[in-house]
Amino acid sequence: MTPEYRRIRTHLSRRDSILRGAIKTIGPCTLAPREDYFETLVRAIVSQQISTKAAASIFAKLKTALDRRGVKPRALMETDDASLRGAGLSGNKLKSLRDLAEKCLSGEVPLKKLGEMDDEAIIEALIPVRGIGRWTAEMFLIFSLGRQDIFPIADYGVKAGIMKLYGLPELPKKETMLEVSEAWKPYRSIASWFLWRYLEHKPKA
């Protein structure tokens, strides 16, 4: 764990005694920014509404279909539909990936400048892409750009994590989530990461 994440972990533990329990259970935060923005967005689209295992399989086949050109906008545009469908992409996801590549090539999605833009400007630049909504844009902000104060309030895992950790009888409503997350500012991304890991955590027998 980096000194920065150690400091953030201490901050969250002091501000929220309940979250502190999850932090102790999970251990070091392993979040690390991913520099290949286009590939991260492609992965996000491929992963929608399917299992992690299935998404990994499709992405591996997609990389093979793109060959040595890599997961790049031009390579994707120059690869025929049959090859991309052969990787396991649905018709809708194929259209989404084509739209993403097209908008990146045209500059409508300014890939090289995204890291310099503020959070809402990035979301506004990404959501016109077919298949990318606010949730996908927020995941990009957290996992690719390493933005530390994103709170994906519509994310099921965050809702379920809060319900489990705080002992709520049902999934929390927006007002409850905002109230709980107030103590996490300005590190709501990292708190969300701990909630995701806590939800997946299985106690040792």
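The values are calculated or read from the model by the stated rules, or taken from the named source; none is laboratory data. The model shown is predicted, which means the values in this text are computed figures rather than measured ones. Here the Cβ is made from the backbone with ideal geometry for all residues, glycine too, and neighbour counts use every protein chain on show.
Screening Leu145 on (1) among the hydrophobic types (A, V, I, L, M, F, W, C); (2) assigned to a helix (DSSP H, G or I); (3) closer than 12 Å to Leu41 by Cα; (4) under 14 Å from the mean Cα position of the chain (by Cα) shows it passes everything except condition (2). For Glu120, indicate whether it is free of Cβ contacts under 8 Å to residues at least 12 places away in the same chain, acidic (Asp, Glu) and in a helix (DSSP H, G or I). So Glu120 fits the description; yes.
For the stretch 78-117, a residue qualifies if it is free of Cβ contacts under 8 Å to residues at least 12 places away in the same chain and on the phi < 0 side of the Ramachandran plot, and the qualifying residues are Glu78, Asp80, Ala82, Arg85, Ser90, Gly91, Ser106, Lys112, Lys113, Glu116, Met117. Of the listed requirements (1) at pLDDT 95 or above; (2) surrounded by fewer than 18 Cβ atoms within 10 Å (Cβ to Cβ), Met1 misses just one: (1).
Counting only residues that are part of a helix (DSSP H, G or I) and among the small types (Gly, Ala, Ser), which one in the stretch 90-117 is nearest to the chain's Cα centre (by Cα)? By that ranking, first place goes to Gly115. Would you check if Ala22 is crowded, with 16+ Cβ neighbours inside 10 Å, closer than 15 Å to Ile190 by Cα and either touching a helix residue (DSSP H, G or I) at 6+ places or on another chain (Cβ under 6 Å) or not charged (D, E, K, R) (or both)? Yes. Listed by first and then second residue, the pairs linking a residue in the stretch 18-47 that is free of Cβ contacts under 8 Å to residues at least 60 places away in the same chain to a residue that is assigned to a loop (DSSP other than H, G, I, E, B), with Cβ atoms under 6 Å apart and 6 or more places separating them unless they lie on different chains, are Pro28/Met1; Glu39/Val71; Val42/Val71.
Residue by residue through the stretch 22-67, note down the ones that are acidic (Asp, Glu) and outside any helix (DSSP H, G or I).
Passing the criteria: Glu35, Asp36.
Residues in the stretch 165-184: is at least one without any contact (Cβ under 8 Å) to a residue 12 or more places away in the chain, assigned by TED's automatic domain parsing to the domain that holds Leu84 and assigned to a loop (DSSP other than H, G, I, E, B)? No, the stretch 165-184 contains no residue that is without any contact (Cβ under 8 Å) to a residue 12 or more places away in the chain, assigned by TED's automatic domain parsing to the domain that holds Leu84 and assigned to a loop (DSSP other than H, G, I, E, B). For Ala191, the conditions (1) touching a residue at least 60 places away in the same chain (Cβ under 8 Å); (2) closer than 29 Å to Ser90 by Cα; (3) in contact with a Phe, Trp or Tyr (Cβ under 7 Å, 6 or more places away or on another chain) are fulfilled apart from (2).
Surrounded by fewer than 18 Cβ atoms within 10 Å (Cβ to Cβ), within 16 Å of the chain's Cα centre (by Cα) and closer than 19 Å to Trp196 by Cα: is that true of Thr30 in this structure?
In short, yes.
Can you name every residue in the stretch 8-21 that is more than 26 Å from Leu114 (Cβ to Cβ) and in a helix (DSSP H, G or I)? The answer is Arg9, Thr10, His11, Leu12, Ser13, Arg14, Arg15, Ser17, Ile18, Leu19, Arg20, Gly21.
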